[in-house]
Number of protein chains: 2
Amino acid sequence: MSSPSSATAPPAAVEQRRPDPVRFGIMGCASIARKLARAMLLAPDAAVAAVGSRSKAKARAFAEETGLLRHAPRLHGSYEALLGDPGVDAVYLPLPTSLHVRWATAAAAAGKHVLLEKPTALCAADLAAILAACDAAGVQFMDATMWMHHPRTAKMRELVADKATTGDVRVINSLFSFRVNEEFLQNDIRVKPDLDALGALGDAGWYCIRAILWAVDYELPKTVIALRNPVRNQVGVLLACGATLYWADGKIATFNCSFLTNLTMDMTIVGTNGTLHVTDFVIPYEEKSASFSMASKSNFAELHIGWDPLPSKHVVPTNLPQEALMVQEFSRLVQNIRDAGGKPEGKWPAITRKTQVVMDAVKTSIDNEFGPVDISS
Amino acid sequence: MSSPSSATAPPAAVEQRRPDPVRFGIMGCASIARKLARAMLLAPDAAVAAVGSRSKAKARAFAEETGLLRHAPRLHGSYEALLGDPGVDAVYLPLPTSLHVRWATAAAAAGKHVLLEKPTALCAADLAAILAACDAAGVQFMDATMWMHHPRTAKMRELVADKATTGDVRVINSLFSFRVNEEFLQNDIRVKPDLDALGALGDAGWYCIRAILWAVDYELPKTVIALRNPVRNQVGVLLACGATLYWADGKIATFNCSFLTNLTMDMTIVGTNGTLHVTDFVIPYEEKSASFSMASKSNFAELHIGWDPLPSKHVVPTNLPQEALMVQEFSRLVQNIRDAGGKPEGKWPAITRKTQVVMDAVKTSIDNEFGPVDISS
């Protein structure tokens, strides 16, 4: 019997019954956690065993609002209490970024697998501490970059990796912006230097950097140069910025991220043989299917009065939303460790680390008046 | 009786009959001239009166191949002879760029209106000489950037200029590449330093720069910085390059142009309120209609599981291909001067000049190791 993901399949002896679901603890009741709560209800291998917040009342309100309450999760009035809950296998951690080092390392030390919101840390050194703690504890680490888990992403990978279809990738552009309101600009954690000091770079820019690294199969760029004229708020947090990334072989990528312009989620990949366009890569327009456009070996029609062939549109349906597929994939990895003596999958922390390293370089280039920053891989 | 383009309408006295067509001379039998010959046959206000080449045999072969011969154009064996033809009102000039100053100024001095292929000149100073000659002779100048004349472009302008729909434009990305073959890399005029020394920048980059300027209603950027690692051939001609343009108010544009990657023609405009995507802006996929996508005031759906509203697709049909519309517009302007004592329309040379000025700045930045180049407007 073959499995599409043999690395994470349980050994033959236990194939008889479905493994027990992974028991999640939701650690912090941020707005994004509502989406994850729903995803955990949808994902077949997950259950929400506990919710932890700074007060039990908050945890209860969250459980009520999200429909978790009827599943009777344990409600904890502190993060420590959640981490002390022996009925929790894994935590989902959507706290402000400045709290990630403290609580992700504490979670790992408590033997909990860690699904961590992005940006995973304020800098690569902080992330290294988190990953070291996960490594030492033998727990799975994954960042909560949902689009990685949509089947569209796998389909795009297949075409981008195919030399006949795409050839060698040479240029990548990514845009992620959304226009926030005055309330956000005043009060959201993502504009506060003590909470999410990376601002738009950490939030929207994370996805752009990930998209670019994804497009080149995670080869780190050699040099990063930030775009000039980033926009900052009065306390110095980035509201819009961008960068260009250069690889030794001549590949070039540019991204812009912003809290100040209309919702835009572009990834464009241009190779020697093909071009891929996706305009909703972070969150698909609709939940049940997602599309992208691929042009391959496009020529001018005779007399240059059109194209031949035309690009094709690929539509990829999905039974579960991408965040539920993320929870499912994470849960499989945790089950493999918990139930089958498997090891943590190293691919996910490696991708996270590279994303954070590039983000550090962008930040450094901005701080150094847009000078080039070399990355040692 | 109102006219959609009142500046170019003939005075009331001659409205009784259709003005005589503009009598074009095609000056040089480049491959692109075949497309223009067809456009002149399609455009209602144009006729091909003459073809000039370096030999009469070449001119005849071109006229035969393009179907012009049955209209019995005069065939000239030199450019001088064409310019001496009193039955020619205007020339279309698709010669290699290095010959533009000489022949466009000669055409103007001979009293011919000038429709000039892009890149219009090797540098802004050369273009200034051409425009001065046209100005002194009182002839119309227009560059042959065809997409400017597609009704899709007018529709996009309407939406981009609308503050409610697009808001303030903040980010523009443009890509234009096409993958050439070995024959092109060895022999095309666009890789020869003595013919089209600007290479991919002059050819594909022209369109990207024009798209960016178009998107900001032709406000010149303050600073231009070329992207690093341009690709050159063995004799130093650019095969791929790019740049980032900065405006004083924070607008940012990036473009990449190349002879080495798959056919790609993107213009993406992100404003505070809206986002426009077009992926075939230079030459529409098909001749009879062209589309673009516009998203305005896009929000995340509840729980961030989709978009609300979705972007809308705009399809703009056209009765004539864009190059015939260009010929028609140019012809109307010439008729207004020839038949109605009108003055040349200054909008077109002004746009050309700005495109060339930005191109100069990109070239200078590349030559100055990617340092910033300021543009004085």
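Read-outs throughout are calculated quantities, based only on the coordinates presented, and are distinct from any laboratory measurement. Keep in mind that what you see is a predicted model, and the values were worked out from it rather than measured. Note that each Cβ is placed from the backbone with ideal geometry, even for glycine, and that neighbours are counted across all protein chains shown.
How big is chain A along each principal axis, measuring the range of its Cα positions in Å and listing the largest first?
Extents along the principal axes: 69, 58, 37 Å.
Just rank A:241, B:257, B:134, fewest to most, by other beta-carbon atoms within 10 angstrom.
B:134, A:241, B:257
Which of B:30, B:122, B:178 sits farthest toward the positive end of the charge dipole of chain B, with +1 on the Cβ of Lys and Arg and -1 on the Cβ of Asp and Glu?
B:30
Based on the alpha-carbon set only, what is the convex hull volume of the protein assembly as shown divided per residue, in Å³?
That works out to 166 Å³ per residue.
Restricting to DSSP loop positions (anything but H, G, I, E, B) with no more than 12 other Cβ atoms inside 10 Å of their own Cβ, which trypsin sites (Lys or Arg not before Pro) remain in region B:239-315?
Answer in residue order: B:288.
Give the shape of region A:175-277 as rounded, prolate or oblate, defined through the alpha-carbon gyration tensor: a ≥ b ≥ c are the square roots of its eigenvalues, a/c under 1.5 means rounded, and otherwise the shape is prolate if a/b is larger than b/c and oblate if not.
prolate
Pop the C-beta distance of residue A:302 and residue B:42 into the FRET formula with R0 = 25 Å and round what comes out to the nearest 0.05.
Working: r = 16 Å, r/R0 = 0.62.
The computed FRET efficiency comes out at 0.95.
Suppose every Lys and Arg Cβ carries +1 and every Asp and Glu Cβ carries -1, with no other charges. What dipole size does the protein assembly as shown come out with about its Cα centre, to the nearest 20 debye?
About 540 debye.
Measure nothing fancy, just the Cα-based angle from helix B:124-137's long axis to the longest principal axis of chain B, in degrees from 0 to 90, nearest 10.
The answer is roughly 50 degrees.
Considering chain B as a Gaussian network with a 10 Å cut-off on Cα pairs, which listed residue, B:20, B:126, B:203, attains the greatest mean-square fluctuation?
Between B:20, B:126, B:203, it is B:20 that shows the largest mean-square fluctuation.
In what sequence do B:359, A:146 fall when counting other Cβ within 10 Å, fewest first?
Working: B:359 28, A:146 25.
In increasing order of surrounding Cβ atoms, one gets A:146, B:359.
Determine the sum of side-chain charges near residue A:119: Lys and Arg each +1, Asp and Glu each -1, restricted to other residues whose C-beta is under 12 angstrom from that of residue A:119.
Its environment carries a net charge of -2.
Sorted from fewest to most neighbouring beta carbons within 10 Å, what does the list A:283, A:26, A:305 look like?
Listing A:283, A:26, A:305 from fewest to most nearby Cβ atoms yields A:305, A:283, A:26.
Normalising by the residue count of region B:54-194, find the relative contact order in percent from Cα pairs under 8 Å and 6+ residues apart.
Here the relative contact order equals 15 percent.
Rounded to the nearest 5, what % of DSSP beta bridges with both residues in region B:240-377 are antiparallel?
On the way: 23 of 24 bridges.
Antiparallel bridges: around 95 percent, rounded to the nearest 5.
Defining a contact as two alpha carbons under 8 Å apart and six or more residues distant in sequence, what relative contact order in percent does chain B show? List each step's numbers first, then the result.
Details: 803 pairs, mean separation 72.2, N = 377.
Value for chain B: 19 percent.
With axes computed from alpha carbons, what is the tilt in degrees of helix A:56-65 against the longest principal axis of chain A, rounded to the nearest 10 within 0 to 90?
60 degrees
Along the charge dipole of the protein assembly as shown, which of A:257, A:327, B:134 sits closest to the positive end, that is, farthest toward it, with unit charges on the beta carbon of Lys, Arg, Asp and Glu (+1, +1, -1, -1)?
The one lying farthest along the dipole's positive direction is A:327.
With r defined as the distance between the Cβ atoms of residue A:364 and residue B:161 and R0 fixed at 30 Å, what FRET efficiency is calculated, to the nearest 0.05?
Details: r = 39 Å, r/R0 = 1.29.
Computed FRET efficiency for residue A:364 and residue B:161 comes out at 0.20.
Quick check: the angle from helix A:31-42's long axis to the longest principal axis of chain A, C-alpha only, nearest 10 degrees?
The angle comes out near 80 degrees.
How fast does region A:300-377 diffuse by Stokes-Einstein, in µm²/s, taking the Kirkwood radius from C-alpha pairs at 37 °C and 0.692 mPa s?
186 µm²/s
Run the helix sum for chain B: -39,500 (n - 2.57) per DSSP H stretch of 4+ residues, divided by residue count, reported at 222 nm to the nearest 500 deg cm²/dmol.
That calculation yields -9500 deg cm²/dmol at 222 nm.
With just the Cα atoms defining each centre, how far is region B:68-111 from region A:298-377? Give it in Å.
Between the Cα centres of region B:68-111 and region A:298-377 lies a distance of 54 Å.
Once you have a ≥ b ≥ c as the square roots of the Cα gyration tensor eigenvalues for region B:225-345, tell me rounded if a/c is under 1.5, and otherwise prolate or oblate according to whether a/b is larger than b/c.
Verdict is oblate for region B:225-345.
For region A:224-263, what is the convex hull (Cα atoms) projected area averaged across all directions, in square nanometres?
About 3.4 nm², averaged over all directions.
For the protein assembly as shown, with the dipole built from +1 on Lys and Arg beta-carbon atoms and -1 on Asp and Glu ones, taken about the Cα centre, which of B:356, A:303, B:248 lies farthest toward the positive end?
So the residue furthest toward the plus end is A:303.
With +1 on the Cβ of every Lys and Arg and -1 on the Cβ of every Asp and Glu, and nothing else charged, how large is the dipole of region B:253-331 about its Cα centre, in debye rounded to the nearest 20?
140 debye
What FRET efficiency would be calculated for the residue pair residue B:183, residue B:128, taking the C-beta separation as r and a Förster radius of 41 Å, to the nearest 0.05?
On the way: r = 35 Å, r/R0 = 0.85.
Calculated transfer efficiency: 0.70.
Taking the Cα centre as origin and putting +1 on Lys and Arg beta-carbons and -1 on Asp and Glu beta-carbons, what dipole magnitude results for chain B, to the nearest 20 debye?
600 debye
Can you flag which of B:163/B:222; A:363/B:363; B:35/B:288 are past 18 Å Cα-Cα? Numbers along the way, then the final one.
On the way: B:163/B:222 23 Å; A:363/B:363 28 Å; B:35/B:288 16 Å.
Too far apart for the 18 Å limit: B:163/B:222; A:363/B:363.
Return the percentage of antiparallel bridges among DSSP beta bridges fully within the protein assembly as shown, rounded to the nearest 5 %.
60 percent
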